[in-house]
Amino acid sequence: MQQLLVPIYDFLGCETPNRWVEQAKQPDQLTALLIDHCNCELKAAQTAMLMIRKYAIDKSSSHLLKTWAKPYEDFVYQQDRNAHEFLARDSKKNDITSELVANKSLTNSTDLMSKMVRLIKEEFHHFEQVLQIMTARGIDYSNIRAGRYAKQLIIHMRTHEPLTLIDKLIIGAFIEARSCERFAKLAPHLDDELAKFYTSLLRSEARHFQDYLALAEDIAGEDISERIDYFRNKEMELILTEDSEFRFHSGLPPQ
């Protein structure tokens, strides 16, 4: 596991402070942590879908993505949701990714589409896994408000292409890298089931970070280390400053 984390620690500007870990491992924070984690997995899938729709697929394929996402979004946004029914459905029947057609407007569209499709599949699966754990523990899903983390990174994106896309991908790399780092930080403090689950997520989250970063570098076609440094500092600032709400990617809890 430590070998897997070396590139993560090299990429991030700082480790998660112990103050956040101390808060996160408290039993009374577990419900909030799992609910936010569940939401984060779905948000990651939705973000990747929006990226595919905007940059990578033919317009005729857009409805296929909507069809793929519909059961998840219906569950999240409806009031009378039933987790048992949702988890019992055959999710493979809704997988239409083999029918997607890449567009020609971006040289890297096929690579972007294939990497994001794999990411979406894994994030949807992780959403279901977290929901399964929550349901087994009697924790009801709720669509809680997201924290400031992703929003505060997004406001620094440049506003003209392809720079916007490059920034989106760099931000995606930081979000996935931080997720991976926090899974590793939390695992030793959780019960056996959650510790095993969070450890199992490390490999896929590490690959997501690498996929985002590789796409950003390929699409830029030039050195982007200065831009990576820029977002590294912004991300580190969010992690090391106080946050009013406890979330999976939040900063320091108030003292």
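The values are calculated or read from the model by the stated rules, or taken from the named source; none is laboratory data. Note that the structure is predicted; figures quoted are calculated from it, not measured. Note: ideal-geometry Cβ built from the backbone for every residue, glycine included; neighbour counts use all protein chains shown. Accessible surface areas use protein heavy atoms only, side chains included; no ligands, DNA or RNA. Shrake-Rupley method; radii C 1.70, N 1.55, O 1.52, S 1.80 Å.
Determine which single condition Ser142 fails, assuming it passes every other condition in (1) open to solvent by 50 Å² or more (accessible area, probe 1.4 Å); (2) out of contact with any Lys or Arg (no Cβ under 8 Å at 6 or more places or on another chain); (3) more than 17 Å from Phe11 (Cβ to Cβ); (4) in contact (Cβ under 8 Å) with a residue 60 or more places away in the chain.
Result: Ser142 passes all but (1).
What number of residues within the range 51-72 satisfy the criterion of being assigned to a helix (DSSP H, G or I) and surrounded by 14 or more Cβ atoms within 10 Å (Cβ to Cβ)?
Residues flagged as assigned to a helix (DSSP H, G or I) and surrounded by 14 or more Cβ atoms within 10 Å (Cβ to Cβ) within the range 51-72 amount to 13.
If you scan the range 196-224, which residues turn out to be surrounded by fewer than 16 Cβ atoms within 10 Å (Cβ to Cβ), more than 19 Å from the chain's Cα centre (by Cα) and either of a type in the set (Gly, Ala, Ser) or not in a helix (DSSP H, G or I) (or both)?
Within the range 196-224, Gly221, Glu222, Asp223 meet the criteria.
Quick test for you: out of Phe86, Phe11, pick the one residue that is modelled with pLDDT of 90 or more and more than 23 Å from Leu238 (Cβ to Cβ).
Of the residues listed, the single one that is modelled with pLDDT of 90 or more and more than 23 Å from Leu238 (Cβ to Cβ) is Phe86.
Scanning the range 38-76 for residues that are among the β-branched types (Val, Ile, Thr) and more than 19 Å from the chain's Cα centre (by Cα), which turns out farthest from Asp211 (Cα to Cα)?
Checked the range 38-76; the qualifying residue farthest from Asp211 (Cα to Cα) is Thr67.
With the requirement that a residue be charged (D, E, K, R) and exposed (fewer than 14 other Cβ atoms within 10 Å of the Cβ), what does the range 1-16 give you?
Asp10
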